[in-house]
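A short write-up of the structure that comes next.
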Amino acid sequence: MNQMLKRASSACAAAVCAASLTFSGAAVVMAGGEIDESINTQIVMTAEGLTSEIVTLGEDEIKSYLESGDEFTVSAMTAWDDARESVGEFVEAGSAEVEFSNRQYTATVPVDFEKLDAEFVYVFEENDGMVTPASVAVNVQYPLSTTMKNAGLNTLMGLGTVFVILILLIFVISMFKFIPGSSAAKKEKKEPASVPTPAPAAPAAETVELSDDNELIAVIAAAIAAAEGTSTDGFVVRSIRKIKRPRR
């Protein structure tokens, strides 16, 4: 193990031990929600010391810490390993700010890097008078354009996933008709019975009208024959026309 790894290991171990602060009879948070100055100082030193050591670790050292088995160390190395390629080379670390809420201390250390800035957020928990580091997160400060781009990509991926699932559902449903015994296959096999086309009705009205005309012709022909004193064989009725007479 090289000198840098020994120094980082000692610093991390010392920071964790220093963070395990035991207080007997002393209030960790003063009246009015104000953090005790000594506690605040020790948390700030622990957070800043851990940050200074983490940002200088190399790839081999990170792998070594990931295999340590310590929960806090593994979480810290995982968070830093996921973010270090995005932020670039280390430039400068700022001062830590400590907040207290729900029996937890949150220490935020702003760090400037070559590409993107980031914040190392440490959570310290108080259990039975002891304050110990529980977790650490590295929040990369992406610009608004990158944030909007990621949001747009996530939206497109979500919509694309929905449409793909809908297409698959439509395809699966359309395949039901090829499955023997399915309701879709049964409906397709049942063809509607052919309805016979009714024969056109005979023109009864025309027949009745023609019969009435023949009777009228016969009556008129008989009347003319009687008036002339002859038979109906001597003339033929060609047409019958109604004469419109003026009313008196």
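The values are calculated or read from the model by the stated rules, or taken from the named source; none is laboratory data. Quantities reported herein were computed from a predicted structural model and do not represent experimental measurements. All Cβ positions, glycine included, derive from the backbone under ideal geometry; neighbour counts span all protein chains shown. The area values use the complete protein model at the heavy-atom level, side chains included, leaving out ligands, DNA and RNA. Shrake-Rupley method; radii C 1.70, N 1.55, O 1.52, S 1.80 Å.
Things to note:
- With every protein chain in place, the range 56-159: carbon and sulfur % of accessible area (1.4 Å): 48
- Taking a straight line from the alpha carbon of K177, these aspartates and glutamates sit under 15 Å away, with near neighbours fewer than eight places off in the same chain left out: E188, E191.
- Ranked packing of 34-42, 151-159, most packed first, by mean Cβ within 10 Å: 34-42, 151-159
- A Förster radius of 25 Å combined with the Cβ-Cβ distance from D82 to L168 puts the calculated FRET efficiency at roughly 0.15.
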